[in-house]
2 protein chains.
Amino acid sequence: MFTTLSFYSIFSVAVVLLAFGYAAYLYFWVKNRPSENKRIERISDLIKQGANTFMRQEYKQLAKFAAVTGAIIFIFLPEPVWSGGIVNNVIMLLSYWAGTCFSALSGKIGIAVATTANKKAAEGAKKGLKEAFLVGFRGGSVMGLAVVGLCLFGVVLVYVITGGNSTILLGFSFGASSLALFAKAGGGIFTKTADISADLVGKVEYGIPEDDPRNPAVIADNVGDNVGDVAGMGADLFDSNVASMVSAIVIGATLDGGKNIAANVGMVFCYAALGLLSSVIGILTARIGKHGSPTKALNMSTYVTTAIFLVLTAAATALIKGFRWEIWGASAVGLLVGVIIGIATDYFTDDTKPIVKNVARASRSGSAFTILSGVSYGFISALPAMIGIGVSALIAYKICDPVGEGYAMFGISMAAVGMLSIVGMIISNDAYGPIVDNARGLAEMGDLGDDVVEITDELDSAGNTVKAITKGFAIAAAGLTVISLLGAYMSEVNDAAQAMGLGTVLSGFDLMDPNVFFGMIIGAAIPAVFSAMLMLGVDRNAQRMVEEIHRQFREILGLKDGAEGVDPEYDKCIDIAAHGALKELIPAGLVAIIATLAVGFIGGVNAIGGFLMGNIVSGLLLSFFMSNSGGLWDNAKKYVEAGNEGGKGSETHKAAVTGDTVGDPFKDTAGPSINTQITVVSLVASLMSTLFLLYHLL
Amino acid sequence: MFTTLSFYSIFSVAVVLLAFGYAAYLYFWVKNRPSENKRIERISDLIKQGANTFMRQEYKQLAKFAAVTGAIIFIFLPEPVWSGGIVNNVIMLLSYWAGTCFSALSGKIGIAVATTANKKAAEGAKKGLKEAFLVGFRGGSVMGLAVVGLCLFGVVLVYVITGGNSTILLGFSFGASSLALFAKAGGGIFTKTADISADLVGKVEYGIPEDDPRNPAVIADNVGDNVGDVAGMGADLFDSNVASMVSAIVIGATLDGGKNIAANVGMVFCYAALGLLSSVIGILTARIGKHGSPTKALNMSTYVTTAIFLVLTAAATALIKGFRWEIWGASAVGLLVGVIIGIATDYFTDDTKPIVKNVARASRSGSAFTILSGVSYGFISALPAMIGIGVSALIAYKICDPVGEGYAMFGISMAAVGMLSIVGMIISNDAYGPIVDNARGLAEMGDLGDDVVEITDELDSAGNTVKAITKGFAIAAAGLTVISLLGAYMSEVNDAAQAMGLGTVLSGFDLMDPNVFFGMIIGAAIPAVFSAMLMLGVDRNAQRMVEEIHRQFREILGLKDGAEGVDPEYDKCIDIAAHGALKELIPAGLVAIIATLAVGFIGGVNAIGGFLMGNIVSGLLLSFFMSNSGGLWDNAKKYVEAGNEGGKGSETHKAAVTGDTVGDPFKDTAGPSINTQITVVSLVASLMSTLFLLYHLL
């Protein structure tokens, strides 16, 4: 197996090294940009330290979690240690830990570059839009390349070392998921705690501007952009990317009785490597004119990457024996649908389109109407995306079904791989957002003047628009991935059953089976409960932080009036946000995991099938709803602030601000964390399948 | 068949006649209560006229809809007229029309009694709590008995006339559903249009109290309580009740090759009749002391009815040959779970419990936090209800599965019948709400003094609490019903397939079948889109009405200052609400129906199975979420108004009012209409099954 796959493994590693090299070049390019403003330097350092504080705490908590989970894995997985061999369990454990570490490493890299690129972009804006854009974009690209490179490298490594044991790969994927749960949901709580508290006390209560250095929460707010959007989103997409590859490998390896494993698994590696290569080329070619539009530049680079991927994979499919056009078709469908969903998301959240304007208009009647219209359009926005996912799964299935038994499900998993192939580009665009958002803050706090702030404003606005698109894309990708994880789950169960001499126990999940239905209806409720717990966590945490901000304004003399040399205690706020975020996250994660275990040990493997499907379907719906309504409220507020419907300070504006405050945890905490929740429970289910098979009540 | 069933048919009709007799007695008892206040008389007449205006318009629109749908039914159902016989199609058409007419008739009765009982209750409050409570409750009971009586009578009638053709019964059920769509969703838009506009201009803009007769929308608001909560809720539960009986009959008739049809269908009729009888006894025994609690009295009557039903059905099961204890067990489980879900709902929406207090406390930080906490708790509140439905379906299945093939699904349908057995009592409690709410308004407008208003306030508050419980119950009942409708759908498809010589085409719906998945993911999005369209409809309609209220205040001299003899043009507002409600409703209903047809003609019968399940699961989730968060916002506002967290006029109060405004269409328009949407598409699917089988793309 090692030999037949060695070509693809070597090719993948070669591309990874190329990407790492390019990322290193970009990192040093960004790092060596000039920066001179002492004040900016100082604040940027504070942000960097704050981000590192959170990351340290996060990784410490995660280490505890990984230790406990690791112990459980060691005892029970892939088989209970008393029935299987101890060696396999140790390897599983190491694979799990490797998953967390690889993802954690990419997060570290992302934070390192983002907290450097922010000040460079702020200073670059003095030279103009072009320079500042390039700094922001290249900074983001370092993260994009690091995530995808480490992801591909990790999967190849585990696969090669274990001699192609796909169950062990699930452990790696679960490790990445565990990290993502902490990074995405924890980072999401952190960022919105800081954002909301800063606004609530600063803007609303004291009337001081956004990013004003007097506000004790202002650094925490900027830190939040990094830990939530850079590290969090990176971990989320790392997770989805690994999961899509792993489930394709799990399914592909068993097809035709394992005869075509080289071609099938080879295709997964090859396509993933070509996706990374396409992203490198896409990043290389990203350009903006002196007065060009940053939004267009970002989108163009996505389209370029998409086109290159399609051409390269078509070439590979034509040249390499055993690669099949049907599978290529499935991944092309996945990728195209991903892009289309991104565009549909844009329609609902872009302030040049009618929806955002409608919500801004509705705000004239008060904040209740901002909420009602935003919730309504958010609900509607889920439809095109859901249709897209349904149709792409259907087409991928139908294209690949004639190839042979089981290929249909492999097709769906390759659609997910295809959709995620351009994830390097997606992360680059996404990480660009918080970098230029921070740059805007730094330009304001460093008194770089209105012109510079205006340039960073334009860059920031592009970041917001693109962020909505990438979020839609990320959810859709996770959607397809978890469907293929369901296929992987079925493979795992049947493998385990065969090993026990039970034969094939699952040929599908019948909706009319009451176990399946029971699992499904509970699975459907979990994303709602999970996101509610995160939002309530933000609420509680923000209340703690508001208290602290009040205390500082009360106790630190001269702070409110901006007396020279008087600084707030930024680190106290960062501590509260970090500590609270991790504290609030744990119960939410546990509820999801415990529910999975409860359903599995009550209803058995069939109930889990229903559970996962209910979880996927309602999770996708809520995720699209919350992300999109959050995005549209954000942009409706910006639209009003641009002077429409009464402009800043009007009653309409106040209503729009309320919408934005509600939307913040919707779009940055709950909505995008649901992906992770879905992946986590899918992997828990796959890993526990043997135990569910052995022990269940009904 | 007629003979074997004749005992149960006769028994059912006897109970129906008893219930009708008792309802007539109650109606005249209410009607003959003294009323003397001319002003109240006049306003009550205006409300009655307004309600009748809406009902007339609604039934006119419905007639058009029923004509078009009837034509389609005549051509295509149960089989295309060119392939089957014309006679069957005519009977189907008549059955469909009968379904709409029976439900419409019960709505008429409900409105007639409610718009009389409101003034009698207001005047009764002069004598004290006891008298006013009794008037309100007995008024509501007339509606409860009329709905359940007409429902049972209609089903027995169609069954007996058609000689036990269960497909034709589906037509009757679809008729009831069509009416429910108009009554519930249309009434829901009407009531919230009026409520929101009245508050927005009256309370917020001009600072005049609720129910002030100067407000041009005040009558429309009171009309809304009747058409939304009395007629709408009645139609909704009529619909669920019919659907549960019909699906139990469809499934029960085919079991054991039709051998046990007498016992199985007999059980459905017998249990339904005993449920009605239990409600009659429950109503008879409802009492309240001079200083007793109306909430307790209402709840006690529900528990009494539940206990009586369990005892009576146990006796019937013991005495009658062929009745099985397993089936009794299933219906008992259904009923008990329904009651438990009601209690859980109460926990989330009662202002003596912690959740409502938490939301009120969160409101101190502003309306965004009212919304965030309410949405979060609303999400969480869905979990116990979803678990309840899942568990009851699972238990019912497991209890009845050993009886024989197909009995498991029959058990689930009988769990739904059991849950709905006490629906007479539920409607009585529910219709009590708007009657005393109106009475409160009339007491205020008729200047009956603070003591009287206080008594009606207490009655009203009990109505609100009980309403939340009955709403949870209604959603849960619809949930179990549509699951059994899915079973009925499968029976229908297989019957049709057998008639075509295709054999059994469906033995279940496999989640791994891409058609099923495709249907499911789209089905899951539909309730979100449907409810969004209704809410946007309320928004648009309210804007039209606000404009009209402004016009009246501007153009009618002396109105604002309350000059003697100057009245607003109430009817204009009623017209706008009525016209707009029906206009906004149609597209939402069409989207749901067209999506069903599209999925069916693309993916075939399997895709529809997935579609229905996705629709049920996400529909239940959203329905519980929206109803409960709406209820808790309402009560959080009332809690603040009672002097907590700053009390009336504080910033916290303003935030709580925003929550309530958002919650209004959540709980009274969108949330409870989702039931109806689910039932409508389930029935469309069952009715169209032959066509989907014959014509589909994939």
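Subtracting the Cα-Cα distance from 0.36 nm times the residue separation, let me have the gained length for B:Trp82 to B:Lys38 in nm, one decimal.
Stretched out fully, the B:Trp82 to B:Lys38 stretch lengthens by 9.6 nm.
Taking Cα centroids, how far is the stretch B:1-71 from the stretch B:623-698 in Å?
After rounding, the separation between the Cα centres reads 26 Å.
Report relative contact order for chain A in percent, whole number only (criteria: Cα-Cα under 8 Å, sequence separation at least 6).
21 percent
Taking 2.2 N^0.38 Å as the expected size of a compact globular protein, what ratio does the Cα radius of gyration of the stretch B:177-291 give against it, to two decimals?
Here the answer is 1.62, to two decimals.
Charges only on Cβ, +1 for Lys and Arg, -1 for Asp and Glu: so what's the dipole of the stretch B:1-133 about the Cα centre, in debye to the nearest 20?
Here the stretch B:1-133 has a charge dipole of around 780 debye.
Taking the Cα-to-Cβ direction at B:Glu547 and at B:Met500 and moving 7 Å from each Cα, how far apart do the two end points lie in nm?
It is 5.0 nm.
Treating the beta-carbon of each Lys and Arg as +1 and of each Asp and Glu as -1, no other charges, what is the dipole magnitude of the stretch A:398-554 about its Cα centre, to the nearest 20 debye?
500 debye
Could you work out the helix-only [θ] at 222 nm for the protein assembly as shown, with each DSSP H run of four or more residues adding -39,500 (n - 2.57) and the total divided by the number of residues, to the nearest 500 deg cm²/dmol?
Value at 222 nm, helices only, nearest 500: -28500 deg cm²/dmol.
Show me, for the stretch B:205-220, the HN-Hα J-couplings you get by feeding each phi into the Karplus relation (A = 6.51, B = -1.76, C = 1.60, θ = phi - 60°), rounded to Hz, glycine and proline as x.
Coupling constants for the stretch B:205-220: 7, 9, x, 8, x, 4, 6, 6, x, 5, 6, x, 9, 5, 6, 4 Hz.
With a length cut of 24 Å (Cα positions projected on each helix's long axis) and a Kyte-Doolittle mean of at least 0.5, go through chain A and give me the DSSP H helices that pass.
Helices meeting the span and hydropathy rule in chain A are A:2-31, A:86-124, A:129-161, A:233-254, A:261-285, A:294-319, A:325-349, A:367-400, A:570-641, A:671-687.
What nm distances, shortest first, do you get from the label point of A:Leu697 to those in the other copies when the point sits 7 angstrom along Cα to Cβ?
4.3
Tell me, what is the FRET efficiency for A:Phe20 and B:Lys357 to the nearest 0.05, using R0 = 51 angstrom and their Cβ-Cβ distance as r?
0.40
What length, rounded to one decimal in nm, is gained on full extension from A:Arg287 through to A:Glu569, with 0.36 nm per residue of separation minus their alpha-carbon distance?
Length gained, A:Arg287 through A:Glu569: 97.5 nm.
Considering only the label points, 7 Å along Cα→Cβ from Cα, what distances in nm to one decimal separate A:Ala315 from the same position in each other copy, shortest first?
Ordered by increasing distance: 8.6 nm.
Can you list the copy-to-copy distances for B:Arg551, using a point 7 angstrom from Cα toward Cβ, in nanometres, shortest first?
Distances between equivalent label points, in nm: 5.8.
Give me the Å³ per residue figure for the convex hull around the C-alpha atoms of the stretch A:60-215.
Cα convex hull per residue, to the nearest whole number: 124 Å³.
If we sort B:362-373, B:316-327, A:669-680, B:414-425 on the protection proxy, mean other Cβ atoms within 10 Å, highest first, what's the order?
B:414-425, A:669-680, B:362-373, B:316-327
Could you tell me the distance between the Cα centroids of the stretch B:503-519 and the stretch A:121-179, to the nearest Å?
The stretch B:503-519 and the stretch A:121-179 have Cα centres separated by 39 Å.
Which whole-percent values make up P(r) of the protein assembly as shown when all C-alpha to C-alpha distances are grouped in 10 Å steps starting at zero?
2, 9, 18, 21, 19, 15, 10, 4, 1, 0
Explain nothing, just the number: dipole magnitude of the protein assembly as shown about its Cα centre with +1 on each Lys and Arg Cβ and -1 on each Asp and Glu Cβ, in debye rounded to the nearest 20.
1140 debye
Between B:Glu205 and A:Glu641, what FRET efficiency comes out of the Förster formula 1/(1 + (r/R0)^6) with R0 = 25 Å and r the beta carbon distance, rounded to 0.05?
With a Förster radius of 25 Å, E is 0.50.
Along the charge dipole of chain B, pointing to its positive end and built from +1/-1 on Cβ of Lys, Arg, Asp and Glu, which listed residue (B:Ala382, B:Gly424, B:Phe348) has its Cα farthest out?
Positive-end residue among those listed: B:Gly424.
For the pairs B:Lys31/B:Lys126; A:Lys120/A:Lys638; B:Lys127/B:Lys637; B:Lys353/B:Lys638; A:Lys560/A:Lys667; B:Lys119/B:Lys638, note any where the Cα-Cα span goes beyond 20 Å.
A:Lys120/A:Lys638; B:Lys127/B:Lys637; A:Lys560/A:Lys667; B:Lys119/B:Lys638
Which values, in whole Å and largest first, are the semi-axes of the equivalent ellipsoid of chain A obtained as the square root of 5 times each eigenvalue of the Cα gyration tensor?
40, 27, 24
Bear in mind that the values in this text are calculations on the coordinates, not laboratory data. Please read these numbers as outputs of a predicted model, since none were measured by experiment. FYI the Cβ positions are ideal-geometry reconstructions off the backbone, even for glycines, and counts take in every protein chain you see.
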